[in-house]
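See below for the structure under consideration.
The values are calculated or read from the model by the stated rules, or taken from the named source; none is laboratory data. Note that this is a predicted model, so its numbers are computed, not measured. A quick note on method: Cβ atoms are made from the backbone with ideal geometry, for glycine too, and the neighbour counts reach across all protein chains shown.
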């Protein structure tokens, strides 16, 4: 089996873009975010700063760090340029976040040479045409390619030869396994499992006792590089969604309503831009103990208005909070069962007051308003017009744009 899967990962993406756009930041520690560090430059990471970390704590570790709010629109622009270069290398590209993607290059070697040559070509084009550093890992599986790109950082390239991949993988700390976070890393360390090799050789019955059957079998399979997943080309999205992290949490219904309205505005605008509407609306709420609850509703007709998503979101969040009161630290809205938005069919008999019925007078009016807002934003910028409760609310300075990391459409 040949090593023909690449994992390309932009280095400290948000911070690198800021340093590219603002030359005075180059070589200096940069933090992107508001109350929480969303990205830290490698100059800041040298002081122990990482994402996510509170900005206050980050500045204690690195007092000379420069905090920037960031520009989400520019990040999207740079991401699209990089992904276009990836698509020039091979049509088999699976973007998994705004700053990383898998590439299957087996069908491109006859055009561009070996996988190493292709990765070198990719990195050089990203540097020359976009101006950003990107690290690439090459291996026989997606999991190992991602591990390799992490080891190649910053701005490097690693090929894991098929005949030495197990030896190479087993020498690494167990935290490189995809899905082993700080908490699980600490748990495994308590049982003497510090390297991937330790994990691979641990008795499976003991692993099941320590971390549960699902995680035990999954992590040990990855420790032996057993990963049958293939690179999947991007198809049409099955859902559109967005989320907002809320720091230490919100309890006020008015504050939560404003957050939901902002998310609904963002999601519905993206749906309308792609001429999509959806029937299933899902809200997920996370609480201060990290527990999450999900609520969903499926409507008889597909909707694409801010008012519809906001109205449904309020009801779903209220239902979740009845089960688990307390501060909400993250909330998301996603819309699925998407379909192409066609001409609006008016409903009989009329229900004048329900935004969840797109053919009612209220539903049609909301769609008309949203479309006018879309036109104004397209012409004058997205900040040109907005909902008063969001624009004038106490959370105005908190940008939700960085939620793109978990937004796919």
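When the criteria are applied in full, residue 93 meets the requirement of being in contact with a helix residue (DSSP H, G or I) (Cβ under 6 Å, 6 or more places away or on another chain) and within 16 Å of residue 233 (Cβ to Cβ).
Of the residues screened, residue 183 is one that is without any contact (Cβ under 8 Å) to a residue 12 or more places away in the chain and either closer than 23 Å to residue 142 by Cβ or under 25 Å from the mean Cα position of the chain (by Cα) (or both). Is there a residue being in the same structural domain as residue 243 (by TED's automatic domain parsing) and within 19 Å of the chain's Cα centre (by Cα) anywhere in segment 311-325? No - not one qualifying residue is present in segment 311-325. When we screen 277, 341 for residues that are in contact with a helix residue (DSSP H, G or I) (Cβ under 8 Å, 6 or more places away or on another chain), assigned by TED's automatic domain parsing to the domain that holds residue 252, modelled with pLDDT of 80 or more and within 30 Å of residue 74 (Cβ to Cβ), the only hit is 277.
Rundown of residues vs (1) within 19 Å of residue 42 (Cβ to Cβ); (2) part of a loop (DSSP other than H, G, I, E, B); (3) assigned by TED's automatic domain parsing to the domain that holds residue 10, yes/no style:
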{"residue": "143", "(1), (2), (3)": "no, no, yes"}
{"residue": "149", "(1), (2), (3)": "yes, no, yes"}
{"residue": "178", "(1), (2), (3)": "no, yes, no"}
{"residue": "189", "(1), (2), (3)": "no, no, no"}
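Every residue, every condition in (1) at pLDDT 85 or above; (2) under 24 Å from residue 34 (Cα atoms), yes or no:
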residue	(1), (2)
256	yes, yes
262	yes, yes
322	yes, no
326	yes, yes
336	yes, no
357	no, no
